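Coordinate-derived values only; no laboratory data. Note that the structure is a prediction, hence the values are computed from the model and not measured. For neighbour counting, all protein chains shown are included, and Cβ atoms are generated from backbone atoms with ideal geometry for every residue, glycine included.
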Amino acid sequence: MLEIEHVSHVYETPQRRVEALRDVSLGIREGEFMSFVGPSGCGKTTLLRILDGLAEPSDGRIVFNGRELTGVSRDIGFVFQDINLLPWRNVRENVEIGLEARGTPAADRRRIALEALRMVGLEDVANVPPYTLSGGMQQRVGVARALALHPKVLLMDEPFGHLDNFTRETLQIEISKLWSKLGTTVVFVTHDVDEAIFLSDRIALFQGKPGRVTDVLDVGLPHPRWEFNVRGDTRAIEMRESIIQHLGVRDEVLV
Amino acid sequence: MSGIVVAQRRRARPSRKLEPLLPAAAVAAVLAVWQWSGLFLNPILISTPAAIAGDLVQLVTRGVIFDPLAESLEELVIGGSIGIAAGIGLGLLMGRYELVDKVLSPFVNFLNATPLVVIIPLVIIWVGISQNARLLFIFLITLWPVLLNTVAGMRNVNRGYVDVGAAFGLSETDMLRKITLPAAVPYILAGVRVSAGLAIIGMIVSEMEVSLTGLGYLLITYGNSFLTGRLLAVVFISSMFGVANVMLVKWVQATFFPWIAGAAAEQR
Ligand SMILES: Nc1ncnc2c1ncn2[C@@H]1O[C@H](COP(=O)(O)OP(=O)(O)OP(=O)(O)O)[C@@H](O)[C@H]1O
Ligand SMILES: [Mg+2]
């Protein structure tokens with residue numbers, strides 16, 4: 001459904017030239033939960049921005065439902081690594097921004113935004129400024145803002161990266177539930193291996209310098225995952241080991 | 001380690017209850033020394049707080065202050081607000097259109113760098129010794145900081161906010177209206193404060209240098225007559241303009257843009 005075809009991306013700045021992605025090819029299937037896992041700086045955000053049409057690849061292309069992607073698509077929603085809620089808008093108005101761009105009438109915008117906020121359990125704070133919310137709540141607003149557009153694909157860039165473990169686990173379960181309920185295709189970036197295993201159908205492993213996909217794993221655990229102890233599952237433990245070995249994290253730590 | 005540092009800092013500080021009183025106490029101490037100096041210093045040099053306060057009351061009760069004050073205020077408000085409005089307007093144009101920016105920025109930067117008091121003779125040549133000359137001067141001195149700040153504000157929008165606008169499909173106009181402009185408000189307000197401060201300076205300077213009117217007239221007259229008490233009473237009134245400016249901008253920000261303080265507090 002979403003095909004990444006031989007995508008390369010190079011950042012040229014006066015100081016340096018960074019090869020953020022080299023010849024990445026990957027197909028994302030309809031309805032699946034796909035995670036990108038890899039060390040910092042391996043091009044995960046870059047690829048996600050390209051998938052959203054926010055950036056153009058230096059080479060290669062993205063094909064979405066049979067058509068080459070050129071620019072931002074209505075059917076693809078984005079949850080940013082650093083949320084970026086607009087402080088001059090209250091929570092509901094933040095969620096409405098995409099609907100405004102589509103010319104949705106105010107009353108409908110309001111209804112849809114409140115609905116999206118209800119999905120993430122935040123309808124009570126619809127009218128407060130975003131900077132009065134905790135980090136976890138802000139991240140949920142970021143999710144609601146994307147969900148309000150009913151996207152077919154949801155791109156999430158390390159949405160729980162800045163959160164404490166407890167909040168993180170709660171949100172992991174919530175996102176997993178939302179995904180089963182909505183049937184949206186999700187591409188989820190993280191460098192937390194356990195998080196990727198808990199959430200995903202498949203995991204694409206990235207390596208850096210230059211950024212590339214080195215393996216794609218099938219997780220193969222049954223859903224729903226929150227109903228059993230994924231951490232303790234033997235297959236999960238083995239997968240975790242192999243991912244960590246594959247990424248060479250051990251070696252790096254030892255060196 | 002850190003516990004020791006904290007403990008030392010605690011000891012070095014006056015107790016919490018007294019701390020808020022410290023500024024007031026400092027002012028009171030200076031005033032007291034100043035007043036005491038009056039016992040042996042010639043009052044023409046620096047007068048005394050009590051004498052100045054007395055002169056201030058007299059300026060008010062005898063009604064001497066009202067006409068000059070009204071004149072000054074009128075010039076300040078007209079010249080200053082036109083300057084600030086034009087500065088924001090031009091800044092928005094330069095921020096929005098690269099071409100306008102490229103064409104105007106050498107002039108803007110040159111004029112901003114020029115100590116603009118030097119153009120008073122030119123202003124007089126243009127419009128003669130008149131209220132218009134004073135207004136023009138205030139306008140010219142007010143324009144630049146707010147203009148430059150507006151441009152800077154539009155150029156320095158948090159990349160994350162721009163990404164949000166792009167990802168959620170905002171049109172170019174909506175991007176400007178809903179992202180760039182609000183994001184530039186803190187810069188613009190800071191520019192307004194600086195510009196308004198310059199407008200006050202422009203007001204006084206033009207009243208002393210273009211033609212004697214308003215508070216500038218009083219300052220020169222009292223100075224020439226060695227009426228130091230009254231002179232300083234007028235100085236005090238001029239200072240109040242600056243204080244009012246800062247308070248006004250703070251009020252505007254707190255009332256209409258409470259998110260600025262909120263978002264800044266969150267960053268910490
Ligand atoms: N705008 C940019 N200009 C220049 N170089 C950039 C830019 N954005 C990213 N890079 C570089 O491209 C590489 C990939 O960056 P990217 O943000 O995609 O990594 P990432 O995998 O998302 O990392 P993290 O896990 O830390 O978020 C990095 O080396 C980064 O320094
Ligand atoms: Mg990233």
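The helix-only estimate of mean residue ellipticity at 222 nm for chain B, built from DSSP H runs of length n ≥ 4 each weighted as -39500 (n - 2.57), is -26500 deg cm²/dmol after division by the residue total. The alpha carbon centroids of the range B:91-116 and the range A:119-193 are separated by 43 Å. About its Cα centre, the dipole of the range B:64-261 is roughly 420 debye, where the only charges are +1 on Lys and Arg Cβ and -1 on Asp and Glu Cβ. The order of the peptides B:134-146, B:26-38 by mean Cβ neighbours within 10 Å, most packed first, is B:134-146, B:26-38.
Distant-in-sequence amide contacts of residue A:59, defined by a placed amide H-H separation under 5 Å and a gap of 5 or more residues or a different chain, comprise A:8.
When peptides B:153-159, A:44-50 are ranked by their average number of other Cβ atoms within 10 Å per residue, the highest-first order is A:44-50, B:153-159.
Ranked for footprinting exposure by Cβ neighbours inside 10 Å, fewest first, A:70, A:132, A:184 give A:70, A:132, A:184. Helix A:91-101 and the longest principal axis of the C-alpha atoms of chain A enclose an angle of approximately 80°.
Diffusion of the range B:128-268 by Stokes-Einstein, at 25 °C in a medium of 0.890 mPa s and with Rh set to the Kirkwood radius over alpha-carbon pairs, works out to 138 µm²/s. Distant-in-sequence amide contacts of residue A:156, defined by a placed amide H-H separation under 5 Å and a gap of 5 or more residues or a different chain, comprise A:79, A:187, A:188, A:189.
Distance from the Cα centroid of the range B:143-198 to that of the range B:216-253 is 33 Å (rounded to whole angstrom).
Principal-axis analysis of the Cα atoms of chain A puts helix A:106-119 at an angle of about 50° to the longest axis.
Beta-bridge orientation, the protein assembly as shown: approximately 55 percent antiparallel, per DSSP, counting only bridges with both partners inside. Each Lys and Arg Cβ is given +1 and each Asp and Glu Cβ -1; about its Cα centre, the protein assembly as shown then shows a dipole of about 1260 debye. Compute the long axis of helix A:165-182 from its Cα atoms, compare it with the longest principal axis of the Cα atoms of chain A, and write down the angle in degrees, 0 to 90, nearest 10. Helix A:165-182 sits roughly 80 degrees off the main axis of chain A.
With a Förster radius of 60 Å applied to the beta-carbon distance between residue B:117 and residue A:234, the computed FRET efficiency rounds to 0.15. Look at the dipole of the range B:84-212 built from charges on Cβ: of B:106, B:162, B:133, the Cα furthest out on the positive end belongs to B:162. Computed about its Cα centre, the charge dipole of the range A:97-177 is approximately 320 debye, with only Lys, Arg, Asp and Glu carrying charge at their Cβ. Ranking B:194, B:213, B:251 by how far each Cα lies toward the positive end of the dipole of chain B (charges on Cβ) leaves B:251 at the top. Ranking A:121, A:11, A:167 by how far each Cα lies toward the positive end of the dipole of chain A (charges on Cβ) leaves A:121 at the top. Calculated FRET efficiency, residue B:244 to residue B:33, Cβ-Cβ distance, R0 = 45 Å: about 0.95 to the nearest 0.05.
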